[in-house]
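Written out below as structure tokens is the structure these notes cover.
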Amino acid sequence: MSATSWAWLVLAFPLAGTLVLAAGWPRWRGASAGAVATAAIFASFLASVGTLFALLDREPEARTLTATLFTYARAGGVDAGLEILVDPLSVLMCLVVSGVSFLIHLYSVAYMRSDRGYVRYFAYLNFFVFSMLLLVLAGNLVLLIVGWAFVGAASYLLISFWYRRRTATAAGAEAFVVNVVGDIGLVLGAFLLFDRTGVLDWQGLFEHVGQEFARNDGTLVAACLLLLVGAFAKSAQLPLHTWLPKAMEGPTPVSALIHAATMVTAGVYLIARAHPLFELAPTAADVAAVVGTLTLLVAASIALVATDLKRIVAYSTMSQIGYMTLGVSVAAYGAGLFHLVTHAFFKALLFMAAGSVIAAMSGLQDIDRMGGLRRALPFTYACFLAGAVALAGIPLTSGFFSKDAILSFALERGGGYAVLAIVGYGAALLTAIYAFRAVFRVFHGEPVPEARALERGEIVHHEPANPLTGEREDTDVGFPGPEHHIAERSPAMKAAMAPLLVLSLAAGVLQVPGLTHVVDTFLEPTFHDSPLAAARPSVGAEWAGLLAGAVVALVGVWTARWLWLARPELPAALRSRFGGLHRTLSEGWYFDRAYDLLFVRGATAFARALRRGVERPVAEETLVGGPVSLVRAGSALARAMQTGFVRAYAFGVVAGVAIALVWFLARAA
């Protein structure tokens, strides 16, 4: 089979899973729906592997293929078809998306077993994966926009999956609105590009862009900035990031799917895919690099004080996506996408382990109420620790090689990029601190009652409640199910987490400076046209960067151990001493409050002013009230004329004839 035939199958399996589950949902019983959905994604992963091998059979310069299934729009000599682009970049994304999504599906089969919306959950999950695969395989801007919008819709369905939980529906709505803002930016950017080049497909666009645009052409810069609006919204970068921490209201496997394999990586993919545009519009690329760096710093600082276990992991996603955005914006495409791959492994693992902890704590997510779970949950502890060391960039782990490769490349570019790299090292220190703060607070220290119960072989059950507000809930459809499933007692969850544990620790071997360069070599046909990508640092410079990263990571771990194990009274003292800073970080740098003031309260005040100044006097009193008053006055006059006296009616007839006579005489004159 050809590479494009395999690629069509990559899309077909999750779409078929969605349709089968949606069409037969009343008849699915037990875990069969989960098995069907998981099998569909596994088949998609096998098709991705088939695409990879079919592509590797071709010469490197012949590894960019397109295929059109049919043309669904034709206007002005331009065709918009169901067209896919198969090249090393799209294949790499397909492998990551389908592979990690398969493990998350497998984990979900057990984790969501008692939920009343089980079938609906897996239908949504298959649709989410299909949407992401459609996005990365899209061969033209129209299909990209379709996939982009599908991903936003799927995220809304999954974040607000527990639709009777008020905070979940609000989080889903916010995610949808923010992503619609991004969609508008993407559409406008695509329109500007089409307006100048007259083509919609990626390959045609890349061929025309050098002819139609000069370096830093105003239209091109504007188009790229609009594309960045879409990228920032999907990837939760400043200032369109506020939806991501709230998206933790969805089931934990959904968080793993959004953060590791699908939605948040879309922005990084878009910048990498459109790299010829951004290299011709370096102003826009610099904006992306600065925003990515600021995001990683802001998110890491907030994670230092967050107490919700899932939100700590969520802020780490924002931070790591910031590294990726920085990487692809400074033309370190191989490094940025390598970090996307390793991040998918250790972030999915962290969320799965966090889900196991939350289940063991009967839904509690506050790390202030956790402690000493290491002996009660040894497998979960091993997984969370493996994810944390990779996230912190401890030497020889996957995150160590991928993150520091980005910073080394930025240092090599010099100038302002070097400043961004130094900020990146500062954020890496914060990352190591907050990652091991979570490890020490959850798994070390004095065991909480739940940990002691688990050690005795018991399962803890609390009354169902919203972990964010404490509101009482039930376990019927629309709320989480009644049972809690932890990795220690679930073979399916263990089977999903074990490969990720190994990959989180060992995937760095793919890109060891001076020794291996698997990712760079594979992606070379996609980025061979980039003069910036070729200007990579020397092997010695890369190892120097790795050494600096290792020192930063180890200092961070030592700091966390000193604060939360050796001197546990210090964090409270620091919080008291720097109360203002702590409040600022706890409030997420006041972004939510600012948006509430600007958009929610501002829009409310504007609406009230319109009500007082326009709607009431103009619409109600003039346009509606005026005719009503006239009708009422006419009715009153008619009633007054109904006197019942003949002489009054005769007077009316004579008066009417006189008026008509005068009017005709006037017209005749």
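The values are calculated or read from the model by the stated rules, or taken from the named source; none is laboratory data. Here the structure is a predicted model, which is why all the values come from computation and not from measurement. No Cβ is skipped: glycine too gets one built from the backbone with ideal geometry, and neighbour counts run over all protein chains shown. Accessible surface areas use protein heavy atoms only, side chains included; no ligands, DNA or RNA. Shrake-Rupley method; radii C 1.70, N 1.55, O 1.52, S 1.80 Å.
Observations on the model:
- Index of the failed condition, residue 426 passing every other in (1) open to solvent by 10 Å² or more (accessible area, probe 1.4 Å); (2) touching a Lys or Arg at 6+ places or on another chain (Cβ under 6 Å): (2)
- Residue check, residue 460 at pLDDT 90 or above and among the hydrophobic types (A, V, I, L, M, F, W, C): no
- Any chance residue 234 is within 12 Å of the chain's Cα centre (by Cα), touching a residue at least 40 places away in the same chain (Cβ under 8 Å) and open to solvent by 30 Å² or more (accessible area, probe 1.4 Å): no
- Residue check for residue 56: open to solvent by 60 Å² or more (accessible area, probe 1.4 Å) and free of Cβ contacts under 8 Å to residues at least 12 places away in the same chain: yes
- Among all residues of segment 260-273, there is none that is over 30 Å from residue 527 (Cα atoms) and either at pLDDT below 95 or surrounded by fewer than 24 Cβ atoms within 10 Å (Cβ to Cβ) (or both).
- Any chance residue 346 is open to solvent by less than 10 Å² (accessible area, probe 1.4 Å), closer than 19 Å to residue 490 by Cβ and touching a residue at least 40 places away in the same chain (Cβ under 8 Å): no
- Residue within segment 175-192 that is at pLDDT below 95, farther than 29 Å from residue 91 by Cα and either open to solvent by 50 Å² or more (accessible area, probe 1.4 Å) or among the hydrophobic types (A, V, I, L, M, F, W, C) (or both) present: yes
- Restricting 59, 83 to those that are within 12 Å of residue 142 (Cβ to Cβ) and at pLDDT 90 or above reduces the list to 83.
- Breaking point among (1) open to solvent by 30 Å² or more (accessible area, probe 1.4 Å); (2) under 31 Å from the mean Cα position of the chain (by Cα), for residue 446: (2)
- Applying the set (1) under 29 Å from residue 399 (Cα atoms); (2) open to solvent by less than 100 Å² (accessible area, probe 1.4 Å) to residue 558 leaves exactly one unmet item: (2).
- Condition met for residue 342 (of a type in the set (S, T, N, Q), at pLDDT 95 or above and within 23 Å of the chain's Cα centre (by Cα)): yes
- Test: residue 475 is assigned to a loop (DSSP other than H, G, I, E, B), without any contact (Cβ under 8 Å) to a residue 12 or more places away in the chain, surrounded by 14 or more Cβ atoms within 10 Å (Cβ to Cβ) and of a type in the set (Ser, Thr, Tyr): no
- On the stretch given as segment 397-416, residues that are open to solvent by 20 Å² or more (accessible area, probe 1.4 Å) and either of a type in the set (Asp, Glu) or modelled with pLDDT of 95 or more (or both) total 1.
- A search for C-beta distances below 6 Å between a residue of segment 204-219 that is without any contact (Cβ under 8 Å) to a residue 24 or more places away in the chain and any residue that is open to solvent by 60 Å² or more (accessible area, probe 1.4 Å) and outside any loop (DSSP other than H, G, I, E, B), counting only pairs 6+ apart in sequence or on different chains, returns 212/196.
- Among residues of segment 526-546 that are free of Cβ contacts under 8 Å to residues at least 60 places away in the same chain, those with a beta-carbon under 7 Å from a residue that is open to solvent by less than 70 Å² (accessible area, probe 1.4 Å) at least six positions away or on a different chain give the pairs 539/513; 539/514; 543/513.
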